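To keep things clear, I will list the structure first and then write my remarks on it.
The values are calculated or read from the model by the stated rules, or taken from the named source; none is laboratory data. Everything numeric here is computed off the predicted structure, so don't read it as measured data. A quick note on method: Cβ atoms are made from the backbone with ideal geometry, for glycine too, and the neighbour counts reach across all protein chains shown. To get the accessible areas, we keep the full protein, side chains included, count just its heavy atoms, and leave off ligands, DNA and RNA. Shrake-Rupley method; radii C 1.70, N 1.55, O 1.52, S 1.80 Å.
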Amino acid sequence: MKIVAFNGSPCPGGNSEVLLDGALEPLQEAGHNIRVFNLNDLNIKPCQDCGGCAKTGVCVHEDAMVDIYQKIREAERIILASPIYFSNLSTQAKTMVDRCQAFWCEKYVLKRSIPAGPHGRKGLLLLVGGMKEEGSSKCAEKTGKAFFRTVSVPEHETLSFGGIDAKGDILKHPTALRQAIEAGKRLGI
């Protein structure tokens, strides 16, 4: 099974990456074909709302998204991991999601969805934020849902953890890593 994962954190070894690594562990053990993109390391220009993709479903800007578009098309499982900043995805994750406007045009304007592949398409959204307030991840969850729907992933699971601020604090959470590993196992089915 082909899996693409996006680490939206600018912090190497941060809480989002720890959760992502946990979710990927059972998928790697099962021998799946996995590609991880560390979005902070890539040159991705923000969407320019130029309309260039409206007639073709293909973005006219050529940067790291060219490879990402291809991997999203091929993937049967997609994982997006991001810290929550100001109630939404990180800039790195949101920039990648915004550039999926090309998929939106392809799907909703041109009426061409990405084929499901032999195993169907499923997703996993991993969110970690410092705010303890209930509902602090709602905006990020809605953005993640819109992303998955746009790239023709009809079902996804969300794991969201609040009150996790300092690097490494996710490992102090009593169940977070175990939940990520279990979500990875479910994703591989």
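Taking Pro174 as meeting all but one of (1) without any contact (Cβ under 8 Å) to a residue 40 or more places away in the chain; (2) closer than 22 Å to Gly52 by Cβ, write down the number of the exception.
Pro174 satisfies all of (1) without any contact (Cβ under 8 Å) to a residue 40 or more places away in the chain; (2) closer than 22 Å to Gly52 by Cβ except (2).
Would you pick out the residues in region 85-110 that are touching a Gly at 6+ places or on another chain (Cβ under 6 Å) and either assigned to a loop (DSSP other than H, G, I, E, B) or among the aromatic types (Phe, Trp, Tyr) (or both)?
Ser90, Leu110
Taking into account only those residues within region 159-189 that are of a type in the set (S, T, N, Q) and closer than 17 Å to Lys132 by Cα, which is surrounded by the most Cβ atoms within 10 Å (Cβ to Cβ)? Talk me through it step by step, then tell me what you get.
Taking region 159-189 and keeping what is of a type in the set (S, T, N, Q), we get 160, 175, 179.
If we keep only those that are closer than 17 Å to Lys132 by Cα as well, we get 160, 175.
Working: Ser160: 16, Thr175: 10.
The qualifying residue surrounded by the most Cβ atoms within 10 Å (Cβ to Cβ) is Ser160.
Among the numbered criteria (1) under 30 Å from Ser136 (Cα atoms); (2) not in a loop (DSSP other than H, G, I, E, B), which single criterion is violated by Lys45?
All conditions pass for Lys45, except number (2).
Does region 39-91 hold any residues that are among the acidic types (Asp, Glu) and open to solvent by 70 Å² or more (accessible area, probe 1.4 Å), and which are they?
Asp41, Asp49, Glu62
Of the conditions (1) open to solvent by 60 Å² or more (accessible area, probe 1.4 Å); (2) within 24 Å of Lys2 (Cα to Cα); (3) not in a loop (DSSP other than H, G, I, E, B), Lys142 satisfies every one except a single condition; which number is it?
(2)
Restrict the check to region 110-119 and report whether at least one residue is open to solvent by less than 10 Å² (accessible area, probe 1.4 Å) and closer than 30 Å to Val58 by Cβ. Show your work before the answer.
Kept after step one, since they are open to solvent by less than 10 Å² (accessible area, probe 1.4 Å), are these residues of region 110-119: none.
No, there is no match, as no residue in region 110-119 is open to solvent by less than 10 Å² (accessible area, probe 1.4 Å) and closer than 30 Å to Val58 by Cβ.
Tell me, please, whether a residue that is closer than 18 Å to Val4 by Cβ and charged (D, E, K, R) can be found in region 108-123.
Checked region 108-123: at least one residue is closer than 18 Å to Val4 by Cβ and charged (D, E, K, R).
Here are some residues: Ser82, Ser152, Ser113, Ser160. Which one is part of a loop (DSSP other than H, G, I, E, B), modelled with pLDDT of 95 or more and within 30 Å of Gly31 (Cβ to Cβ)? Please lay out each step first, then the result.
Details: Ser82 fails: part of a loop (DSSP other than H, G, I, E, B); Ser113 fails: modelled with pLDDT of 95 or more; Ser160 fails: part of a loop (DSSP other than H, G, I, E, B).
None of the other options fit; the residue is Ser152.
Of everything in region 61-79 that's β-branched (Val, Ile, Thr) and part of a strand (DSSP E or B), which residue is farthest from the chain's Cα centre (by Cα)?
The residue in question is Ile78.
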